[in-house]
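Colleague: Pasting a structure here, questions to come.
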């Protein structure tokens with residue numbers, strides 16, 4: 001029996017009324033499949049009642065990825081013999097029925113996932129393949145699979161939560177970009193978080209792995225399968241790497257003693273280390289799909305970063321104002337800070353259980369002053385005081401609106417900055433304590449900067 005037939009003949013329950021739950025609801029509605037919705041916190045969704053208790057009669061539960069496996073409700077359903085299916089697994093089951101030739105590739109890691117899948121999408125579309133970056137970015141997987149576009153390739157951005165819940169997909173290739181502390185509050189330990197990321201290797205024909213990431217280099221040792229490493233040094237046979245200012249491939253060439261160029265550093269904007277690594281990973285995934293090197297080069301050259309990722313908002317009086325609001329954890333903030341020499345750093349928010357020790361240790365020499373906000377700002381302040389006593393620390397309270405607070409921050413940053421400094425919003429924390437999202441945080445920063453610069457004229 002097909003998955004659609006199973007659903008039509010079953011009592012179905014969507015677990016979670018957030019983004020994934022809404023996507024599942026739209027999909028089931030499109031197929032005229034009946035269902036109920038359960039959530040512990042949300043009472044209604046798009047005019048549909050959301051249950052606060054799990055119904056007694058449930059055959060299939062479609063689970064949103066943010067739900068822990070040990071949640072009492074999840075455990076209860078497992079004990080009752082309810083069939084639990086994640087959104088990613090449902091999408092895979094549907095794909096095997098309606099578009100079996102569709103290829104899946106996946107990107108995971110602590111940071112850089114969105115940029116990498118979008119780089120890959122650019123390469124694939126230039127190669128005349130119908131492809132889309134989806135999953136935890138853009139369209140959810142179930143909507144990408146069921147789309148009338150009949151995509152040939154899905155470039156899936158997958159979180160650790162999605163991988164933890166996923167059992168069925170078989171990927172043509174997957175990339176792990178980096179592994180650093182994040183979501184420890186959900187996974188309970190760094191080891192469990194890292195293992196969730198590494199789980200994807202067992203589901204992939206080819207693994208594209210970051211040689212420069214110590215956790216990946218260590219933890220992937222002994223894991224079987226076809227592994228291709230990339231890095232920012234001269235590549236060995238079987239690797240992707242950097243030779244002077246050229247990105248080269250020694251893994252997917254016919255003769256590993258030779259190297260094939262697939263981009264120049266000037267093609268990667270900005271050409272900062274972590275973004276070059278993203279380009280290496282995207283190239284590796286494309287080459288695993290047998291995309292020609294020339295198309296990889298074209299796709300990378302035509303790619304433009306999304307907003308809030310090392311986005312230069314303004315340059316005025318020798319000061320650069322940069323929005324990296326997407327840096328929602330210490331690892332991402334470390335990459336951003338490492339891209340500039342003298343920084344007025346705006347940081348703080350919800351740390352999600354992450355440590356700031358390594359971030360400050362690796363970047364303290366680049367930080368001139370720090371402007372701290374949000375719930376966990378003292379976590380950053382304490383580490384700066386301990387490791388970098390030379391750094392001036394300023395705290396800004398939210399007294400009025402979020403915009404007013406950001407304008408106060410920007411005004412203070414202008415007083416602290418000198419010629420050749422960079423004012424960098426790279427919070428190292430999530431935004432939900434003071435903003436609707438990291439995007440709103442970045443937008444308000446940009447608006448405040450533009451207002452300041454205009455007033456200077």
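The values are calculated or read from the model by the stated rules, or taken from the named source; none is laboratory data. What you see is a predicted model, and the numbers here were worked out from it, not measured in a lab. Note: ideal-geometry Cβ built from the backbone for every residue, glycine included; neighbour counts use all protein chains shown.
Colleague: Taking segment 402-433, which residues are out of contact with any strand residue (DSSP E or B) (no Cβ under 7 Å at 6 or more places or on another chain) and under 14 Å from residue 443 (Cα atoms)?
Modeller: 402, 403, 404, 405, 406, 407, 410, 431
Colleague: Condition first: within 20 Å of residue 121 (Cβ to Cβ), in contact with a helix residue (DSSP H, G or I) (Cβ under 6 Å, 6 or more places away or on another chain) and not in a helix (DSSP H, G or I). Now tell me which residues in segment 157-184 satisfy that.
Modeller: 157, 169, 171, 173, 174, 175, 176, 177
Colleague: When residues of segment 103-136 are filtered for being under 15 Å from the mean Cα position of the chain (by Cα) and either assigned to a loop (DSSP other than H, G, I, E, B) or not assigned by TED's automatic domain parsing to the domain that holds residue 172 (or both), how many remain?
Modeller: Residues that pass the stated criteria total 5.
Colleague: Residues in segment 102-116: is at least one in contact with a strand residue (DSSP E or B) (Cβ under 9 Å, 6 or more places away or on another chain) and loosely packed, with under 14 Cβ neighbours inside 10 Å?
Modeller: Checking segment 102-116: not a single residue is in contact with a strand residue (DSSP E or B) (Cβ under 9 Å, 6 or more places away or on another chain) and loosely packed, with under 14 Cβ neighbours inside 10 Å.
Colleague: On to the next question. So, residue 77, is that one modelled with pLDDT under 90 and within 26 Å of residue 145 (Cβ to Cβ) or not?
Modeller: Numbers: modelled with pLDDT under 90: no; within 26 Å of residue 145 (Cβ to Cβ): yes.
When the stated conditions are applied, residue 77 does not pass them.
Colleague: Every residue in segment 334-347 that is within 18 Å of residue 215 (Cβ to Cβ) and assigned to a helix (DSSP H, G or I), please.
Modeller: Scanning segment 334-347 gives 334, 335.
Colleague: Would you check if residue 34 is closer than 19 Å to residue 165 by Cβ, outside the structural domain of residue 138 (by TED's automatic domain parsing), touching a residue at least 12 places away in the same chain (Cβ under 8 Å) and surrounded by fewer than 19 Cβ atoms within 10 Å (Cβ to Cβ)?
Modeller: Spelling it out, it is not the case that residue 34 is closer than 19 Å to residue 165 by Cβ, outside the structural domain of residue 138 (by TED's automatic domain parsing), touching a residue at least 12 places away in the same chain (Cβ under 8 Å) and surrounded by fewer than 19 Cβ atoms within 10 Å (Cβ to Cβ).
Rundown of residues vs (1) assigned by TED's automatic domain parsing to the domain that holds residue 151; (2) within 19 Å of residue 136 (Cβ to Cβ); (3) part of a loop (DSSP other than H, G, I, E, B); (4) free of Cβ contacts under 8 Å to residues at least 60 places away in the same chain, yes/no style:
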| position | (1), (2), (3), (4) |
| --- | --- |
| 40 | no, no, yes, yes |
| 57 | no, no, yes, yes |
| 61 | no, no, no, yes |
| 74 | no, no, no, yes |
| 97 | yes, no, no, no |
| 101 | yes, no, yes, yes |
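Colleague: Suppose we filter segment 6-38 for residues that are part of a loop (DSSP other than H, G, I, E, B) and over 22 Å from residue 70 (Cβ atoms); how many remain?
Modeller: Looking only at that region, the number is 8.
Colleague: Modelled with pLDDT of 95 or more, out of contact with any helix residue (DSSP H, G or I) (no Cβ under 7 Å at 6 or more places or on another chain) and surrounded by 24 or more Cβ atoms within 10 Å (Cβ to Cβ): does that describe residue 145?
Modeller: no
Colleague: Ok, one more. Check residue 397 against each of (1) closer than 23 Å to residue 440 by Cα; (2) exposed (fewer than 13 other Cβ atoms within 10 Å of the Cβ); (3) modelled with pLDDT of 95 or more and name the one condition it does not meet.
Modeller: (3)
Colleague: Which one is nearest to residue 410 (Cα to Cα) among residues in segment 310-333 that are touching a helix residue (DSSP H, G or I) at 6+ places or on another chain (Cβ under 6 Å) and assigned to a strand (DSSP E or B)?
Modeller: Result: 321.
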